[in-house]
Structure formats: C-alpha cells, structure tokens
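Participant: Sharing a structure below in structure tokens format, with a few things to ask.
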Amino acid sequence: MAEIRTGTCSWTDRTLLESKTFYPPGLKSAEGRLKFYAQHFNTVEVDSTFYALPARRNAELWAERTPPDFIFHIKAFGLLTPHSVEVARLPPLRREMLPPSQRELLRPHAPPAATRDTASP
C-alpha cells in the first residue's frame, strides 16, 4: 500500500513564518523551527538546493534534527535542470575549475534529443 506524506515547501517558508500561527512565539532558530516542524509533518521540500548546493554539515544537521523516518524532498540543483546558474553559487573548488569566460553565469548544455529505435517492437 502506498504511503502518503504531508509537508510544505520549506520549514522557513515566508507565508508559514509571517502567519505567526504555526511556530510558537519566540522560536526563531533554524534548529528549533525544523525540530518543531518535524513534530507536525513527516516530509519537507528543500527549495534552497535549487539555488546552491548545501554544505555537507548543513545536510547532516537537518538529518540530526529530524526523526529517522522524516523525508527531505530535495529540489534539484539548477545546473541539473535547463536553468542557468550563477557561478558564485557553485562550491569554490568548482568555480576555480571554470575558464575565466564562464565565471559569471553557467548555462547548461541541452540534453541530446530523444531518439526512438523504430526497429524495436
């Protein structure tokens, strides 16, 4: 049987924070908010990963602050999609590997066109 999980697009979503009805008053830290969120939902989308790769330690902290069965739905990094990415959002080592002409905006190459083998049944 399929399992249905419920969550939001972020534990720091602006609408969620501005509503002032979900989090207890005074709960301001990212750690506290994630722990509280995970008591009420069993999944969350991490939208920030589209814009920049998270530091390994941040991802470890997310896992430490949630139950073992909690699921993080990670949005694909922009470079893995048809969108351009600001080079400043790449890890420093990766930025240094780029030729100077590509150090501002990185545009992904179009994937090869899909082909169909018409000889197959």
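Participant: Could you check, for region 51-62, whether at least one of its residues is among the hydrophobic types (A, V, I, L, M, F, W, C), in contact with a Ser or Thr (Cβ under 8 Å, 6 or more places away or on another chain), assigned by TED's automatic domain parsing to the domain that holds Ile4 and at pLDDT 95 or above?
Facilitator: Of region 51-62, the ones among the hydrophobic types (A, V, I, L, M, F, W, C) are 52-53, 55, 59, 61-62.
This time we only want the ones that are in contact with a Ser or Thr (Cβ under 8 Å, 6 or more places away or on another chain), so: none.
Scanning region 51-62, I find no residue that is among the hydrophobic types (A, V, I, L, M, F, W, C), in contact with a Ser or Thr (Cβ under 8 Å, 6 or more places away or on another chain), assigned by TED's automatic domain parsing to the domain that holds Ile4 and at pLDDT 95 or above, so the answer is no.
Participant: Need pairs with beta-carbon distance below 6 Å; first residue among the β-branched types (Val, Ile, Thr) and within region 57-78, second assigned to a helix (DSSP H, G or I) and at pLDDT below 95; sequence gap 6+ or separate chains.
Facilitator: Listed by first residue and then by second, the contacts come to Ile74/Thr49.
Participant: Among (1) in the same structural domain as Ile4 (by TED's automatic domain parsing); (2) of a type in the set (A, V, I, L, M); (3) surrounded by fewer than 12 Cβ atoms within 10 Å (Cβ to Cβ), there is one condition Ala88 misses while meeting the rest; what is its number?
Facilitator: (1)
Participant: From the residues in region 20-41 that are under 20 Å from the mean Cα position of the chain (by Cα) and aromatic (Phe, Trp, Tyr), which one is surrounded by the most Cβ atoms within 10 Å (Cβ to Cβ)?
Facilitator: Tyr37
The values are calculated or read from the model by the stated rules, or taken from the named source; none is laboratory data. Here the structure is a predicted model, which means the values were calculated and not measured. So basically every Cβ, Gly included, is an ideal-geometry build from the backbone, and we count neighbours across all protein chains shown.
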